[in-house]
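Written below as structure tokens is the structure these notes are about.
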Amino acid sequence: MRSHLQGCALKLQTVKSHQAMAEAMKSTTTAMMKMNKAVDVPAINKMMAEFERENAKSEMMQEIMGDAIDDALETEGDAEEEDKVVSQVLDEIGISFGDEVPDAPALGTGLSTGAGKEQEKVPEAAGGGDPALSELEERLNNLKR
């Protein structure tokens, strides 16, 4: 009997929570209907499209003005002066780019068409006396054979 009463109480509580939910949904629906009447959606869409156009115009004008200011402030000797300052800074910290990359040797096909084994002509080492470079060139030559 007691379990039957507890079951009925549980069902009553469920019905009560469903009723509260229905009332909340009703008040939400009423509020949404009032908002739909108060808000003019096509006018808002039109206003947003106009804002996008004006924003695009503003961005273009900002870019044009920035370019115009850059052109007006730039003088003929600026690039040379910038290069001079960069070179001075690089010299102060001990970095030089002039002698870093040696000229690459010109290579032909290097294949002989005579009888016997075909051998490939290998250019002389461009690294001077650097043992690491010589070793790398030797390994490369062995791979080519």
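The values are calculated or read from the model by the stated rules, or taken from the named source; none is laboratory data. Since this is a predicted model, take the numbers as computed values, not measurements. SASA here: full protein model, heavy atoms, side chains in, ligands and nucleic acids out. Shrake-Rupley method; radii C 1.70, N 1.55, O 1.52, S 1.80 Å.
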Table column - 3J(HN,Hα) (Hz), segment 132-145, Karplus curve with 6.51, -1.76, 1.60, x for Gly and Pro: 5, 5, 4, 5, 5, 5, 5, 5, 5, 5, 5, 5, 6, 6
What's log10 of I(q)/I(0) for segment 1-50 at q = 0.14, 0.22, 0.24 Å⁻¹, Debye sum over Cα points only, no solvent? -0.58, -0.81, -0.85
Heavy atoms of the protein only, probe of 1.4 Å, neighbouring chains included. What is the accessible area of MET47 in Å², nearest 10? 120 Å²
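Using a 1.4 angstrom probe with every protein chain in place, what is the largest-first accessible-area order of LYS144, LYS37, LYS16?
Correct descending sequence by accessible area is LYS37, LYS16, LYS144.
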Phi to ³J(HN,Hα) by Karplus 6.51 cos²θ - 1.76 cosθ + 1.60 over segment 38-43, Hz, x for Gly, Pro: 7, 9, 9, 4, x, 5
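Determine the shape class of segment 1-101: with a ≥ b ≥ c the square roots of the Cα gyration tensor eigenvalues, call it rounded for a/c under 1.5, and otherwise prolate if a/b is greater than b/c, oblate otherwise.
Note, shape of segment 1-101 comes out oblate.
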